[in-house]
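Q: The structure is given below, and queries will be raised subsequently.
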Amino acid sequence: TQGLYLLVFITRYLDLFFSFVSVYNTLMKIFFLASAGYIVYLMTGSLKTTYDKNLDSFRVEFLIGGAALFALLFPHKYTILEVLWSFSIYLEAVAIMPQL
């Protein structure tokens, strides 16, 4: 789930490099990216011993593939940034499923 949220934030906040809304908006986007990245880093690094691969049987590939398909079929506009933004919206809707 945390890896999926990192992917959501990466694909949603690509506009960070192209447009500026406000200092607050920019700082919060950076905070979301940094905190999600740090959580995934901890989970794959120092806390790796707490992860049991045998209990993790959820196939996240189906969630990513479904979100990608919907993003290609139903974007707001057919530009790379809009398709990636749509992908992040669809993926966020199902990113909690591995936890359930």
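The values are calculated or read from the model by the stated rules, or taken from the named source; none is laboratory data. This one's a predicted model, so the numbers in the text were calculated from it and none came from an experiment. Glycine also receives a Cβ, built like all others from the backbone with ideal geometry; neighbour counts cover every protein chain displayed.
Q: Before we move on, is residue 40 in a loop (DSSP other than H, G, I, E, B) and either of a type in the set (D, E, K, R) or surrounded by 10 or more Cβ atoms within 10 Å (Cβ to Cβ) (or both)?
A: Against the criterion (in a loop (DSSP other than H, G, I, E, B) and either of a type in the set (D, E, K, R) or surrounded by 10 or more Cβ atoms within 10 Å (Cβ to Cβ) (or both)), residue 40 does not qualify.
Q: Six or more apart or on different chains, Cβ under 7 Å: which pairs go from a residue in segment 68-84 that's within 19 Å of residue 7 (Cβ to Cβ) to one that's part of a loop (DSSP other than H, G, I, E, B) and not polar (S, T, N, Q)? Could you list them?
A: If the second residue must be part of a loop (DSSP other than H, G, I, E, B) and not polar (S, T, N, Q), the pairs left are 82/75; 82/76; 83/75.
Q: Out of contact with any strand residue (DSSP E or B) (no Cβ under 8 Å at 6 or more places or on another chain) and surrounded by 15 or more Cβ atoms within 10 Å (Cβ to Cβ): which single residue out of 88, 35 fits that description?
A: After ruling out the rest, the residue left standing is 88.
Q: Can residue 16 be described as modelled with pLDDT of 90 or more, more than 15 Å from residue 1 (Cα to Cα) and loosely packed, with under 14 Cβ neighbours inside 10 Å?
A: no
Q: Determine, yes or no, whether residue 87 is free of Cβ contacts under 8 Å to residues at least 12 places away in the same chain and part of a helix (DSSP H, G or I).
A: no
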